[in-house]
Ligand SMILES: Nc1ncnc2c1ncn2[C@@H]1O[C@H](COP(=O)(O)OP(=O)(O)OP(=O)(O)O)[C@@H](O)[C@H]1O
Ligand SMILES: [Mg+2]
C-alpha cells in the first residue's frame, strides 16, 4: 500500500498501453497483474434470445490487491464474477488468472457468494471448511488442521461442531470466507459477502477482511453496491454503469486505510461524483 493520494485513474485497459496516471500511481503491468479481464462481453440466452448484460469490460487486479467492483443493482457485477469464476463463458473477450486463460471453474479461484445459505447444511462448521480441502488432495488430518487454523483466524473455534442452521448470518459468512481462504486461491471472488449484515457487523468484517487480505497477500475481486464498502476494501474501485454495463471509471483507493480518514472521505466523494451522487450520501450506505 502506498501513501499516494486517492485519484481517478481513468479506464484501465486490460492489455496494451495504460492511461496516464495522476499522483504518480503505477498501473498494473502484465507481470504484476494477477487477474486480467479483457474486452469481456457477457449475457444470457443464445442466438436470437441473447441479452447482453456486460459490454466490453476490461480491468486488471494486481497481485496482493483487492479490486472493488461497484455499481447499481442489476448492472452485471455478479455476472462478471461468474465469468471470472469460470461458471459462464464470455460471448467475447477473456479472463486471465496468473496469465492463464480461464476456461472452467478451478481451485485457483474461490468464491464467496451473495447468499448466506452457501454452506453444506449437513456438515459441521469444521467440515464445511475441511471438505473442499480433502477434495483438492489434502489428507483428512491435514484438512482438519487447516480448517481449525482458519476457524481460529475467524474467531469461530467455539462453533466448530455446530451446523450452519445454528449460526447467525455473520457467522455463516465468516465460515464461507474461511472456507474460501483455506483453499489459498490465487484469486478470491467475493460477491457482496457482507450485504445483508447490520452496519456494525459489516464494518467489523470489512476490517477483518482487509487485515486478512494483507496478512495472507490475497488477491481479490470484491463486488459491492456500497460506495463506503468499495472505498474501504478496494485498492482500486472499478465503477460500472449502463445497460448493458461498461466501466465508467477506475478510481485508485490505495490511500484509504481507515474508514474515518480524510482519504476515505476524499475517495468516497470522488466515486460519488463519478456515479452522479451527492457526495454527502457516500458514507451513509
Ligand atoms: N441467470 C440469468 N438469466 C437471465 N438473466 C440474468 C441471469 N442472471 C442475471 N441476469 C440479468 O443480467 C443482468 C445483470 O445481473 P447481475 O446479477 O450480474 O447484477 P448485479 O450487478 O450482480 O446486481 P445485484 O447488485 O442486484 O446483485 C440483470 O439484468 C439480470 O436480470
Ligand atoms: Mg449480484
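The values are calculated or read from the model by the stated rules, or taken from the named source; none is laboratory data. Keep in mind it's a predicted model, so treat the numbers as computed, not measured. Note: ideal-geometry Cβ built from the backbone for every residue, glycine included; neighbour counts use all protein chains shown.
Listed values, structure above:
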quantity: Among residues of the stretch 211-226, those that are modelled with pLDDT of 90 or more, within 24 Å of residue 146 (Cβ to Cβ) and either away from ligand 1 (no atom under 16 Å from the Cβ) or assigned to a loop (DSSP other than H, G, I, E, B) (or both), counted; calculated: 2
quantity: Hey, residue 103 crowded, with 18+ Cβ neighbours inside 10 Å and away from ligand 1 (no atom under 16 Å from the Cβ) or not; calculated: no
quantity: Identity of the residue in the stretch 160-170, in contact with a helix residue (DSSP H, G or I) (Cβ under 8 Å, 6 or more places away or on another chain) and surrounded by fewer than 20 Cβ atoms within 10 Å (Cβ to Cβ), that ends up nearest to residue 123 (Cα to Cα); calculated: 163
quantity: Residue in the stretch 121-129 that is without any contact (Cβ under 8 Å) to a residue 40 or more places away in the chain and out of contact with any helix residue (DSSP H, G or I) (no Cβ under 7 Å at 6 or more places or on another chain) present; calculated: yes
quantity: Residue list for the stretch 211-225, restricted to those being surrounded by fewer than 20 Cβ atoms within 10 Å (Cβ to Cβ) and in contact with a helix residue (DSSP H, G or I) (Cβ under 9 Å, 6 or more places away or on another chain); calculated: 212, 215, 216, 225
quantity: Qualifying position, being within 19 Å of the chain's Cα centre (by Cα) and in a helix (DSSP H, G or I), among 142, 184, 208; calculated: 208
quantity: Filtered residue count, the stretch 84-116, keeping only those that are within 16 Å of residue 190 (Cα to Cα) and touching a strand residue (DSSP E or B) at 6+ places or on another chain (Cβ under 8 Å); calculated: 11
quantity: Test: residue in the stretch 14-22 that is at pLDDT 95 or above, surrounded by 15 or more Cβ atoms within 10 Å (Cβ to Cβ) and away from ligand 2 (no atom under 16 Å from the Cβ); calculated: no
quantity: Tally of residues being surrounded by 22 or more Cβ atoms within 10 Å (Cβ to Cβ), more than 16 Å from ligand 2 (Cβ to nearest atom) and not in a loop (DSSP other than H, G, I, E, B) across the stretch 49-91; calculated: 4
quantity: Options 212, 232, 221: the member that is free of Cβ contacts under 8 Å to residues at least 40 places away in the same chain and in the same structural domain as residue 86 (by TED's automatic domain parsing); calculated: 232
quantity: Matching entry among 189, 197 (being closer than 29 Å to residue 250 by Cβ, over 14 Å from the mean Cα position of the chain (by Cα) and either free of Cβ contacts under 8 Å to residues at least 24 places away in the same chain or surrounded by 18 or more Cβ atoms within 10 Å (Cβ to Cβ) (or both)); calculated: 197
quantity: Condition check for residue 252: at pLDDT 90 or above, surrounded by fewer than 18 Cβ atoms within 10 Å (Cβ to Cβ) and in the same structural domain as residue 65 (by TED's automatic domain parsing); calculated: no
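Residue-by-condition table, conditions (1) at pLDDT 95 or above; (2) in a strand (DSSP E or B); (3) surrounded by fewer than 15 Cβ atoms within 10 Å (Cβ to Cβ):
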| site | (1), (2), (3) |
| --- | --- |
| 228 | no, no, no |
| 238 | yes, yes, no |
| 257 | no, no, yes |
| 263 | no, no, no |
| 284 | no, no, yes |
